[in-house]
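Report on one structure; see the data block that follows.
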Amino acid sequence: MDLSILVPLYNEEESLKELLSWIRRVVDPLDCSYEVLFVDDGSVDTSWEVVRQLKVDNAMVRGIRFRRNYGKSAALYCGFDAAKGDVVITMDADLQDSPEEIPGLMQMVNDKNYHIVSGWKKKRYDPIGKTLPSKLFNRTVRWVSGIKLHDFNCGLKAYKNEVVKNIEVYGEMHRYIPLIAKQAGFDRIGEKVVQHQERKYGVSKFGIERTIKGFLDLLSVTFISKFGKRPMHLFGGLGTLMFIVGFGSAFYLGAKKLWYVYNKISAQLVTDSPYFYIALSCMVIGTQLFLAGFLAELVARSGSDRNKYHISENID
């Protein structure tokens with residue numbers, strides 16, 4: 001199959017029929033085999049009934065339904081696992097992502113050999129309460145990841161099939177799929193300016209809290225990518241440094257006290273100095289960090305994926 005169009009959805013009953021009709025108008029003339037895969041993330045409206053009816057009238061439609069709402073990352077993960085197309089395009093179900101972009105995205109993956117092509121909503125119709133945090137978020141992710149994309153959170157993206165089959169999206173990590181893919185070795189990442197539509201039906205399912213969660217997830221994915229298989233390098237390194245600082249400070253205080261005693265100079269007790277307790281705290285915290293790194297290393301080495309690597313080709 002040439003193309004899979006993956007549409008995660010939650011309570012989008014009004015837009016699904018119109019979205020599929022729009023997709024068909026764009027994709028049918030391309031003379032390629034394709035499927036439209038709807039993943040219902042536990043909708044409480046009639047979205048799933050609409051998908052079932054669309055399947056009756058359109059053979060290319062497939063559907064997956066969750067028993068409850070798990071989040072967009074879970075929907076993408078299951079959709080990636082089920083997708084059959086050589087190119088996988090994701091788009092939101094609220095009609096704010098234009099299907100007119102599908103041919104261009106597909107061409108960039110096929111002809112220019114990109115692993116991922118991410119949409120960039122250069123002109124957005126969202127309120128300033130969403131656009132300003134989004135700009136700050138994207139600038140931070142660019143700086144941390146080194147990936148020069150303007151809109152990491154854009155739902156309209158295109159992937160080679162091998163990418164979606166070799167990455168794991170969980171929690172709320174869908175914002176960082178380009179970063180996760182890069183860490184797996186898929187580093188040909190492109191960008192395309194896409195048209196952003198005003199919301200026609202319903203309300204946004206995301207609030208300001210997603211910005212806060214986004215920054216926390218960024219710390220998580222950065223830590224896991226760098227130290228997930230070698231936590232001792234972080235905790236052990238910090239612990240050793242703090243212990244050395246604390247021990248060195250305590251040694252200085254003790255040596256200074258002995259020098260005063262040797263020269264019969266009156267001096268306060270070492271335990272009367274606040275620096276002694278600071279030094280002691282540094283040694284205790286350093287020891288705890290080192291032990292935390294040691295325990296984390298034991299857990300990492302006993303994990304089932306400790307020797308999981310992404311292989312590009314294999315010749316027998």
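The values are calculated or read from the model by the stated rules, or taken from the named source; none is laboratory data. None of these values were measured; they are calculated from a predicted model. Virtual Cβ from ideal backbone geometry, glycine too; neighbours counted across all protein chains shown. The protein model used for the area step is the full one, side chains on, heavy atoms only, and it has no ligands, DNA or RNA in it. Shrake-Rupley method; radii C 1.70, N 1.55, O 1.52, S 1.80 Å.
Over 24 Å between Cα atoms: which of K17/K192; K112/K157; K17/K160; K123/K148; K17/K84 fall into that group?
K17/K192; K17/K160
Using the alpha-carbon atoms, what tilt in degrees (0 to 90, nearest 10) does helix 209-227 show relative to the longest principal axis of the chain?
Taking Cα atoms only, the helix is inclined about 70 degrees.
How large, in percent, is the carbon and sulfur part of the accessible surface of the chain at a probe radius of 1.4 Å?
Whole-percent figure for carbon plus sulfur exposure: 58.
Contact order normalised by length for the range 1-134, with contacts defined as Cα pairs under 8 Å and 6 or more residues apart; what percent is it?
Rounded, it is 33 percent for the range 1-134.
Could you list the residues of the range 239-256 with an amide nitrogen less than 20 Å from a label point located 7 Å from the Cα of L280 in the Cα-to-C-beta direction?
Taking a point 7 Å out along Cα→Cβ of L280, the residues of the range 239-256 whose backbone N falls under 20 Å are 242-256.
Which of the following values of percent of Cα pairs over 31 Å apart was calculated from the structure shown: (1) 52; (2) 44; (3) 31?
Among (1) 52; (2) 44; (3) 31, the one derived from this structure is (2).
What ranking, highest mean first, results for peptides 289-300, 183-194 when packing means the other Cβ atoms within 10 Å averaged over each residue?
Per-residue mean Cβ counts within 10 Å order the peptides as 183-194, 289-300.
So if I place +1 on the C-beta of Lys and Arg and -1 on the C-beta of Asp and Glu, and nothing else carries charge, what would the dipole magnitude of the chain be about its Cα centre? I want it in debye, nearest 20.
1420
Quick check: residue separation of L241 and D57 times 0.36 nm, minus the Cα distance between them. What number comes out in nm?
59.6 nm
Can you tell me which of 23-33, 61-71 comes out highest on packing, and rank the rest after it, using the mean Cβ neighbours within 10 Å?
61-71, 23-33
Considering only protein heavy atoms, what per residue accessible area in square angstrom results for the chain with a 1.4 angstrom probe?
That works out to 56 Å² per residue.
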